[in-house]
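Taking it in order: structure first as structure tokens, then the write-up.
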2 protein chains.
Amino acid sequence: MTSEHDLTEFHTPLFSVNNVLFTMLQDSLKVLLVKRTSAPFKGRWELPGECVDIELDDNTDMSALRNIKALTAATPQFFEQLQAFSGINRDPRGFSVSLVYYALISPQCIAVKPSAVEEVKWMDLSAIQDLAIAFDHKQIIATARSQLQQKALYSMIPVYCLADQFTIGQLKAAIEAIIAKPIQRKSLIRRVEASGMLEALDEKVKSGGRLAQLYRLKSDTETVYFERSLSFG
Amino acid sequence: MTSEHDLTEFHTPLFSVNNVLFTMLQDSLKVLLVKRTSAPFKGRWELPGECVDIELDDNTDMSALRNIKALTAATPQFFEQLQAFSGINRDPRGFSVSLVYYALISPQCIAVKPSAVEEVKWMDLSAIQDLAIAFDHKQIIATARSQLQQKALYSMIPVYCLADQFTIGQLKAAIEAIIAKPIQRKSLIRRVEASGMLEALDEKVKSGGRLAQLYRLKSDTETVYFERSLSFG
DNA sequence: TGTATTTGTGTCTTAGTGACACTATTAACT
DNA sequence: AGTTAATAGTGTCACTAAGACACAAATACA
């Protein structure tokens with residue numbers, strides 16, 4: 001309470017960092033949420049995040065990454081600033097600014113550390129609609145998802161939310177989960193070849209029909225962006 | 001000095017908002033800069049910006065727009081959050097976060113208000129290379145320009161840095177100034193038609209050869225994004 | 001052996017850009 | 001008045017990557 005009052009005195013906004021972590025689990029797109037243990041919104045789910053620690057962090061990227069490492073014990077394969085959300089009404093404690101990052105992480109890395117006292121959960125994106133989420137975090141998730149959708153249409157970014165070995169079918173499922181539309185399998189295969197980002201392994205796996213070729217990311221490969229977006233069909 | 005100390009005590013970063021304002025003037029792309037009147041970097045050029053005023057602003061967008069209105073007496077036609085820049089070394093006064101917006105504005109609106117004591121100038125982008133700019137603002141300008149370049153390749157956004165009446169040739173020049181590559185006139189015309197954003201006026205203007213058709217933005221039109229990026233030729 | 005199912009290929013169509021020749025219209029110059 | 005340079009605008013073929021979809025290949029299971 002006192003600190004709140006003091007901050008207002010300096011006319012500086014409350015500043016924090018939040019993360020929207022995506023992964024592909026059980027054939028659906030998930031977001032990592034934690035349960036609040038204090039007011040406001042005590043007991044509600046929210047996005048993980050924390051305040052910037054001027055002593056520990058050189059910049060806000062480090063703050064966000066520190067938060068992710070504390071949750072999953074792994075560095076995300078894709079990590080990018082989304083945008084800042086701000087306003088006088090989004091947090092009852094006063095004018096607040098939340099700098100939000102979003103990231104894609106392999107489902108293998110989900111050793112969601114139970115070290116913290118908090119409850120942590122990979123939440124299905126479709127389940128979030130009907131869930132009470134703290135602050136404006138539902139809106140933030142929607143924005144992050146929208147950004148991810150755009151990128152999925154003209155880049156290979158969706159590979160980063162898969163396990164390190166995967167089939168074209170799994171990649172297709174991930175893309176379709178992200179953009180919520182079906183895509184042409186053929187178009188995806190063309191892109192996989194054109195990107196040169198993946199290499200086929202000497203291994204195939206069962207998939208209900210013909211065995212499926214396994215792929216993995218080539219080492220030291222950069223994300224490829226295409227000049228054309230996929231459409232829907 | 002005291003306030004600096006107090007802020008450190010609360011471990012909260014210095015927070016401010018900055019604007020990268022672009023316009024097309026004298027056939028070249030310009031950025032609005034102001035001259036610093038106090039330490040640090042006194043006398044150097046910097047991006048316009050200011051601190052969030054919790055009393056005046058509902059959110060950071062309003063802070064940025066308030067800053068723009070104070071400088072140009074006009075609302076920009078395109079205005080968007082770029083990203084936050086942060087770090088312990090970018091401002092000698094301590095850990096700082098700058099939330100940067102970028103905007104495109106018509107050169108007609110350049111009634112750069114001399115009301116403020118500051119010196120204000122539209123600086124040619126090519127001149128910025130060899131100029132001493134305060135803080136990391138040169139880097140910020142480069143990032144904003146890069147973002148603008150991307151968008152220029154797949155949208156009609158460059159129209160927003162032109163006067164309200166313009167020719168295809170002027171639009172072509174603006175795009176080429178933004179992306180620093182020549183484009184095909186024919187491709188541009190095809191996009192102008194496909195977008196449906198512009199309407200031809202009953203007027204033509206001199207241009208050194210055949211008279212050029214004047215266009216303007218249709219009212220109530222939304223920015224069109226294409227599925228394909230332009231390449232270079 | 002036959003059928004359902006999924007993987008993967010072949011190929012025609014479609015859409016939008018690149019390239020570039022060609023026409024149109026104006027000013028300036030002789 | 002005629003010629004030329006310059007810019008505006010059109011016509012059209014080539015190229016590329018995506019959409020659509022038929023079809024072949026491989027596996028499980030009845």
Exercise. Would you be able to say whether some residue in segment A:137-145 is touching a residue at least 40 places away in the same chain (Cβ under 8 Å) and either in contact with a Gly (Cβ under 8 Å, 6 or more places away or on another chain) or within 16 Å of DNA strand D (Cβ to nearest atom) (or both)?
Key: no
Quiz item: Within segment B:40-57, how many residues turn out to be crowded, with 17+ Cβ neighbours inside 10 Å, within 12 Å of chain A (Cβ to nearest Cβ) and not hydrophobic (A, V, I, L, M, F, W, C)?
Solution: 1
Exercise. Search segment A:220-233 for residues that are within 14 Å of chain B (Cβ to nearest Cβ) and pair each with any residue that is surrounded by fewer than 10 Cβ atoms within 10 Å (Cβ to Cβ) and modelled with pLDDT of 95 or more when their beta-carbon atoms are under 9 Å apart and the residues are at least 6 apart or on different chains.
Key: none
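From the list B:L171, B:L217, which residue is within 11 Å of DNA strand D (Cβ to nearest atom) and under 16 Å from B:P107 (Cβ atoms)? Show your work before the answer.
Values: B:L217 fails: within 11 Å of DNA strand D (Cβ to nearest atom).
Only one candidate qualifies: B:L171.
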Quiz item: Out of (1) open to solvent by 40 Å² or more (accessible area, probe 1.4 Å); (2) more than 12 Å from DNA strand C (Cβ to nearest atom); (3) within 14 Å of chain A (Cβ to nearest Cβ), the odd one out for B:Q129 is which?
Solution: (3)
Quiz item: Of A:L99, A:L153, which residue is within 13 Å of chain B (Cβ to nearest Cβ), over 26 Å from A:S195 (Cβ atoms), open to solvent by less than 40 Å² (accessible area, probe 1.4 Å) and of a type in the set (A, V, I, L, M, F, W, C)?
Solution: A:L99
Quiz item: Only one residue in B:T75, B:T60 is in contact (Cβ under 8 Å) with a residue 24 or more places away in the chain and either of a type outside the set (A, V, I, L, M) or at the interface with chain A (Cβ under 10 Å from one of its Cβ atoms) (or both). Which one?
Solution: B:T60
Quiz item: Mind checking whether some residue in segment A:159-181 is more than 14 Å from every other protein chain (Cβ to nearest Cβ), within 12 Å of DNA strand C (Cβ to nearest atom) and open to solvent by 50 Å² or more (accessible area, probe 1.4 Å)?
Solution: yes
Self-check item: Qualifying positions in segment B:194-218 - more than 15 Å from B:I157 (Cα to Cα), open to solvent by 80 Å² or more (accessible area, probe 1.4 Å) and either of a type in the set (D, E) or under 22 Å from the mean Cα position of the chain (by Cα) (or both)
Solution: B:D202, B:E203
Exercise. Take B:F15 and decide whether it is closer than 30 Å to A:D58 by Cβ, at pLDDT 90 or above, assigned to a loop (DSSP other than H, G, I, E, B) and in contact with a strand residue (DSSP E or B) (Cβ under 9 Å, 6 or more places away or on another chain).
Key: no
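For segment A:192-212, which positions are assigned to a helix (DSSP H, G or I) and near DNA strand C (Cβ under 9 Å from one of its atoms)? Break it down into steps so the answer makes sense when it comes.
Within segment A:192-212, the subset assigned to a helix (DSSP H, G or I) is A:192-195.
A:E193 - this is the single residue of segment A:192-212 that is assigned to a helix (DSSP H, G or I) and near DNA strand C (Cβ under 9 Å from one of its atoms).
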Quiz item: Within segment B:102-113, how many residues turn out to be surrounded by fewer than 19 Cβ atoms within 10 Å (Cβ to Cβ) and either at pLDDT 95 or above or basic (K, R) (or both)?
Solution: 1
Practice problem: Identify, by number, the condition in (1) within 14 Å of DNA strand D (Cβ to nearest atom); (2) part of a loop (DSSP other than H, G, I, E, B); (3) open to solvent by less than 70 Å² (accessible area, probe 1.4 Å) that B:I189 doesn't meet. | Solution: (2)
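The values are calculated or read from the model by the stated rules, or taken from the named source; none is laboratory data. Computed from a prediction, not measured in an experiment: that's the story for all the values here. Please note: Cβ atoms are built from the backbone with ideal geometry, for glycine as well, and neighbour counts cover all protein chains shown. Only protein heavy atoms, including side chains, enter the accessible area calculation; ligands, DNA and RNA are left aside. Shrake-Rupley method; radii C 1.70, N 1.55, O 1.52, S 1.80 Å.
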